[in-house]
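The values are calculated or read from the model by the stated rules, or taken from the named source; none is laboratory data. These numbers were taken from a predicted model, which means no experiment stands behind them. No Cβ is skipped: glycine too gets one built from the backbone with ideal geometry, and neighbour counts run over all protein chains shown. Side chains are part of the model used for accessible areas, which takes the heavy atoms of the whole protein and leaves out ligands, DNA and RNA. Shrake-Rupley method; radii C 1.70, N 1.55, O 1.52, S 1.80 Å.
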Amino acid sequence: MGRTAGEKVRVVSGAKPTGKLHIGNYFGAVLNWVRLQQEYDCYFFIADYHALTEEWDPDELRRDTLDMVLDLLACGVDPEKAVLFVQSHVPEHTELCWVFNNLAGFGDLLRMTQFKERREAAEQAQEFVSVGLFDYPVLQAADILIYHGAKVPVGEDQLQHLELTRRIARRFNQKFGEYFPEPEAILSEAPRLMSPADPERKMSKSYGEKHVIHLMEPEDSIYQKIKTAVTDVGPQPDRGMSPGVKNLFTLLRLTAPPDVYDRLLQEYNGRTLKYVTLKEAVFEHLMRTLEPIRQRRRALTAHDAREALRLGAQKARAVASKTVQEVKRRIGVGAEALEALSA
Ligand code: TRP
């Protein structure tokens, strides 16, 4: 599928519904989406079917999906620029997944490190391991190829899944004629934010509330978390910057003007920086950065989110159904496959 001049490169990316977003999500992935939508033809979705691969609660899933969409809109994901939708609203993904199940190697899936890790963790906790968990990367391949995605912004942990996506595309093309592109990753160089309470671990809700700072968290609660963020007893010349201080400087770099960052870093290097000063600066500039997002979020309603998703699903389905129709034609299934035949 060649591109003519002026056509934008297609980007596809999904994220599991984690509910209300935190600043780690924002600076790590969402800000990247907001930037990509200016330049690329973007398809962004909430991977709610992928959420079923591990224990879930229906009410929580509904709530998390809506909360996440609201936060994405507040962050600046623009339904006029990018196609924003929920995976399960486009049933063609799972239809294509079934076809791909027959092009994906069992051995290839057994080798997926994410599956191996999750399976091990689940078995250790004596939890159920489903076929869905095993099949996760095949659904992901369908998510991407159904839109003929050329570029996929993901973290390093997804590179193996993307390699599998390319293998599936290749196998399809070999058997049924050139049709799918072989998508490539866009690895973001976004810094990983760490937990303020335990800066050796990444910022993640799964560790508990004190390990994350939500975009919409009350100001005094954010202040408390930054004020009590773990640092150290002062610069240790031979050990370099401690993880906690490094995390605060990362936040400062993401939110403050460069001269503020440079000045405080110089003070740190000159051993004159007080961590209270650093923390006050981080708090001030973080709040200033979040303010427009928080304002937009306060103005959004569930109705706005549902309308955005309706538009998104409509646009996504128009593309997805064409792909599935063409795939079915090529592989010999569907009512149309029988049409040209005679008795
Ligand atoms: N597996 C991805 C993750 O955990 C989420 C995902 C599902 C995805 N489908 C996708 C990412 C398609 C990119 C493209 O981050």
Checklist (1) open to solvent by 20 Å² or more (accessible area, probe 1.4 Å); (2) assigned to a helix (DSSP H, G or I); (3) away from the ligand (no atom under 16 Å from the Cβ); (4) of a type in the set (A, V, I, L, M, F, W, C) applied to residue 159, failing item: (3)
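Out of curiosity, is residue 279 surrounded by fewer than 17 Cβ atoms within 10 Å (Cβ to Cβ) and in contact (Cβ under 8 Å) with a residue 12 or more places away in the chain? Break it down stepwise before answering.
Details: surrounded by fewer than 17 Cβ atoms within 10 Å (Cβ to Cβ): no; in contact (Cβ under 8 Å) with a residue 12 or more places away in the chain: yes.
In short, no.
Of all the residues that make up the range 89-145, how many are open to solvent by less than 40 Å² (accessible area, probe 1.4 Å) and either away from the ligand (no atom under 15 Å from the Cβ) or over 17 Å from residue 166 (Cα atoms) (or both)? Break it down stepwise before answering.
Start the filter on the range 89-145 by keeping residues that are open to solvent by less than 40 Å² (accessible area, probe 1.4 Å), which leaves 90, 92-93, 96-97, 99-100, 103-105, 107-109, 112, 114-115, 122, 130, 132-145.
Remaining after also requiring either away from the ligand (no atom under 15 Å from the Cβ) or over 17 Å from residue 166 (Cα atoms) (or both): 90, 92, 99, 103, 105, 107-108, 114-115, 122, 130, 132-134.
Number of matching residues: 14.
Given the condition under 25 Å from the mean Cα position of the chain (by Cα), of a type in the set (Gly, Ala, Ser) and surrounded by 17 or more Cβ atoms within 10 Å (Cβ to Cβ), answer yes or no: does some residue in the range 295-306 qualify?
Let us first name the residues in the range 295-306 that are under 25 Å from the mean Cα position of the chain (by Cα), namely 295-306.
Still in the running and of a type in the set (Gly, Ala, Ser): 299, 302, 305.
Subset that is surrounded by 17 or more Cβ atoms within 10 Å (Cβ to Cβ): 305.
Within the range 295-306, one or more residues are under 25 Å from the mean Cα position of the chain (by Cα), of a type in the set (Gly, Ala, Ser) and surrounded by 17 or more Cβ atoms within 10 Å (Cβ to Cβ).
When you scan the range 183-200, how many residues do you find that are in contact with a helix residue (DSSP H, G or I) (Cβ under 6 Å, 6 or more places away or on another chain) and either without any contact (Cβ under 8 Å) to a residue 12 or more places away in the chain or open to solvent by less than 80 Å² (accessible area, probe 1.4 Å) (or both)?
Our first condition is that a residue be in contact with a helix residue (DSSP H, G or I) (Cβ under 6 Å, 6 or more places away or on another chain); within the range 183-200, this holds for 183, 185, 188, 190-191, 193-197, 199-200.
Subsequent filtering for residues that are either without any contact (Cβ under 8 Å) to a residue 12 or more places away in the chain or open to solvent by less than 80 Å² (accessible area, probe 1.4 Å) (or both) retains 183, 185, 188, 190-191, 193-197, 199.
Residues flagged as in contact with a helix residue (DSSP H, G or I) (Cβ under 6 Å, 6 or more places away or on another chain) and either without any contact (Cβ under 8 Å) to a residue 12 or more places away in the chain or open to solvent by less than 80 Å² (accessible area, probe 1.4 Å) (or both) within the range 183-200 amount to 11.
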Scope the range 1-25; condition open to solvent by 20 Å² or more (accessible area, probe 1.4 Å), out of contact with any Ser or Thr (no Cβ under 8 Å at 6 or more places or on another chain) and within 27 Å of residue 213 (Cα to Cα); matching residues: 14, 15, 16, 18, 20
Among residues of the range 129-156, those that are assigned to a loop (DSSP other than H, G, I, E, B) and either closer than 21 Å to residue 8 by Cα or of a type in the set (Ser, Thr, Tyr) (or both), counted: 6
Residue 63 being closer than 25 Å to residue 195 by Cβ and away from the ligand (no atom under 12 Å from the Cβ): yes
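Name the residue that is farthest from the ligand (Cβ to nearest atom), counting only residues in the range 12-54 that are outside any loop (DSSP other than H, G, I, E, B) and small (Gly, Ala, Ser).
Of all residues in the range 12-54, those outside any loop (DSSP other than H, G, I, E, B) come to 12-15, 22-39, 41-46, 48-51.
So of that shortlist, the ones also small (Gly, Ala, Ser) come out as 13-15, 24, 28-29, 51.
Values: 13: 5, 14: 3, 15: 6, 24: 13, 28: 11, 29: 8, 51: 10 Å.
Here the answer is 24.
Out of 268, 261, which single residue is over 29 Å from residue 71 (Cβ atoms) and either in a helix (DSSP H, G or I) or open to solvent by less than 30 Å² (accessible area, probe 1.4 Å) (or both)?
Values: 261 fails: over 29 Å from residue 71 (Cβ atoms).
Exactly one of 268, 261 is over 29 Å from residue 71 (Cβ atoms) and either in a helix (DSSP H, G or I) or open to solvent by less than 30 Å² (accessible area, probe 1.4 Å) (or both), namely 268.
Got at least one residue in the range 93-105 being within 28 Å of residue 27 (Cα to Cα), small (Gly, Ala, Ser) and modelled with pLDDT of 95 or more? Full working, then the answer.
Applying the first criterion (within 28 Å of residue 27 (Cα to Cα)) to the range 93-105 yields none.
No, every residue in the range 93-105 fails to be within 28 Å of residue 27 (Cα to Cα), small (Gly, Ala, Ser) and modelled with pLDDT of 95 or more.
Mind listing just one residue for me: the one in the range 334-343 that is in a loop (DSSP other than H, G, I, E, B) and open to solvent by 70 Å² or more (accessible area, probe 1.4 Å) and, of those, nearest to residue 99 (Cα to Cα)? First the steps, then the outcome.
From the range 334-343, those in a loop (DSSP other than H, G, I, E, B) are 334, 339-343; that's our starting set.
Pick out the ones that are also open to solvent by 70 Å² or more (accessible area, probe 1.4 Å) and you get 339-343.
Working: 339: 21, 340: 22, 341: 23, 342: 26, 343: 27 Å.
The qualifying residue nearest to residue 99 (Cα to Cα) is 339.
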Residue match in the range 228-240 (condition: on the phi > 0 side of the Ramachandran plot, without any contact (Cβ under 8 Å) to a residue 12 or more places away in the chain and assigned by TED's automatic domain parsing to the domain that holds residue 267): yes
Lone unmet requirement of (1) of a type in the set (S, T, N, Q); (2) open to solvent by 90 Å² or more (accessible area, probe 1.4 Å); (3) part of a loop (DSSP other than H, G, I, E, B) for residue 206: (3)
